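Visitor: Below are the structure tokens for one structure; questions will follow.
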Amino acid sequence: MKRIAIFASGTGSNAQQIIEHFQGNDNIRISLIVSNRSKAGVIQLAHTHNLPHLVLNREDFYHTENILKEFAVYPIDFIALAGFLWLIPDYLVQAYAGRMVNIHPALLPAYGGKGMYGKHVHQAVWEAKEKVSGITIHLVNEHFDEGQILFQAECALTSEDLPEDIARKVLQLEHRHYAKVIEDQLSRCSKLGYQ
Ligand code: GAR
């Protein structure tokens, strides 16, 4: 059994999709929801699905490695970031090298980096009059949006699309692909003999 922790800061529509995708799977389980905001929609989602959750304390997260001890209890094998807005500290990146993925709502390396999240990304894509946008799923390293790219998918944009239309098209792609890419990366990890 492989156990996944989902990190999210907001609504958690991707988290919901991932939870539903793995429901009834005997080999992969969503074991924990982690957020930096106690009022995030994703915490409500954890309640709805009867999943344990953890609300991070900034001080603890960046200045201790306590979370690794909490993860060892389950134990957590894999981390999926789904709209999680804090930078991942080095100790956690190293502990989960190759076993932590993020989804970004644009075609990296364009429209990535600090401050490029959620609607800010779609606003920038709209202002640049891009004809395509899309999603990037990548491994997590110490920098925002810079780890090895595992998967990208594109959507066409028209001159009529407003930032909220771009957001809707991109979110559809996220929901269609993220859980499957997580599953593929988990099986790659198993083949490589990661814990
Ligand atoms: C998603 O679009 C995700 O790609 C984005 O936040 C949204 C979360 O939506 N992440 C980033 O911008 C990270 N840089 P959700 O809470 O409904 O899943």
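Visitor: Run the accessible area of the stretch 2-88 with a 1.4 Å probe and give the carbon-and-sulfur part as a rounded percent. Could the numbers behind the result be given before it?
Guide: Details: 1930 of 4210 Å².
That share works out to 46 percent.
Visitor: Where does the chain land at 222 nm, in deg cm²/dmol rounded to the nearest 500, when only DSSP H runs of n ≥ 4 count, each adding -39500 (n - 2.57), divided by all residues? Could you put the intermediate results ahead of the total?
Guide: Numbers: 7 runs with 78 residues, N = 195.
Value at 222 nm, helices only, nearest 500: -12000 deg cm²/dmol.
Visitor: Sticking with this one: Taking the chain as a Gaussian network, Cα atoms linked when under 10 Å apart, which of Gly12, Gly115, Gly41 shows the biggest mean-square fluctuation?
Guide: Among Gly12, Gly115, Gly41, the largest mean-square fluctuation in the Gaussian network model of the chain belongs to Gly115.
Visitor: So who's got an amide H within less than 5 Å of the one on Leu150, skipping anything under 5 residues away but keeping other chains? H placed 1.01 Å off N, in plane.
Guide: Ile137, His138, Leu139
Visitor: Name the long-range amide H neighbours of Ser9: under 5 Å, sequence gap of 5 or more, or other chain; modelled H, no Pro or chain starts.
Guide: Phe84, Leu85
Visitor: Next up: Determine how large the accessible area of Val132 is when every protein chain is in place; take a 1.4 Å probe and give Å² rounded to the nearest 10.
Guide: 60
Visitor: Also, I was wondering about something else. How much accessible surface area, in Å² rounded to 10, belongs to the heavy atoms of Tyr74 with a 1.4 Å probe?
Guide: Tyr74 exposes around 80 Å² with every protein chain in place.
Visitor: Another question, then. Order Lys169, Lys180 by their accessible area, 1.4 angstrom probe, all chains in place, largest first.
Guide: On the way: Lys169 50, Lys180 100 Å².
Largest to smallest exposure gives the sequence Lys180, Lys169.
Visitor: Still on this structure: Under a 10 Å cutoff between Cα atoms, tell me which one of Arg99, Arg58, Arg37 has the largest fluctuation in the Gaussian network model of the chain.
Guide: Looking only at Arg99, Arg58, Arg37, the biggest GNM fluctuation is shown by Arg58.
Visitor: For the chain, what's the relative contact order in percent, using C-alpha pairs closer than 8 Å and at least 6 residues apart?
Guide: Numbers: 343 pairs, mean separation 37.7, N = 195.
Relative CO of the chain lands at 19 percent.
Visitor: Next up: In debye, nearest 20, what is the charge dipole magnitude of the stretch 133-195 about its Cα centre with +1 on Lys and Arg Cβ and -1 on Asp and Glu Cβ, if you could check? Show your work: numbers first, answer last.
Guide: Working: 6 positive and 11 negative charges, 87 e Å.
With Lys and Arg at +1 and Asp and Glu at -1, about 420 debye.
Visitor: Not counting ligands, DNA or RNA, and with a 1.4 Å probe, what is Met1's accessible surface area in Å² rounded to the nearest 10?
Guide: Rounded to the nearest 10, that gives 90 Å².
The values are calculated or read from the model by the stated rules, or taken from the named source; none is laboratory data. A quick note: this is a predicted structure, and the numbers were derived from the prediction, not measured. Every residue, glycine as well, gets a Cβ built from its backbone with ideal geometry; the counts of neighbours run over all protein chains shown. The accessibility values were calculated without ligands, DNA or RNA, using every heavy atom of the protein model including side chains. Shrake-Rupley method; radii C 1.70, N 1.55, O 1.52, S 1.80 Å.
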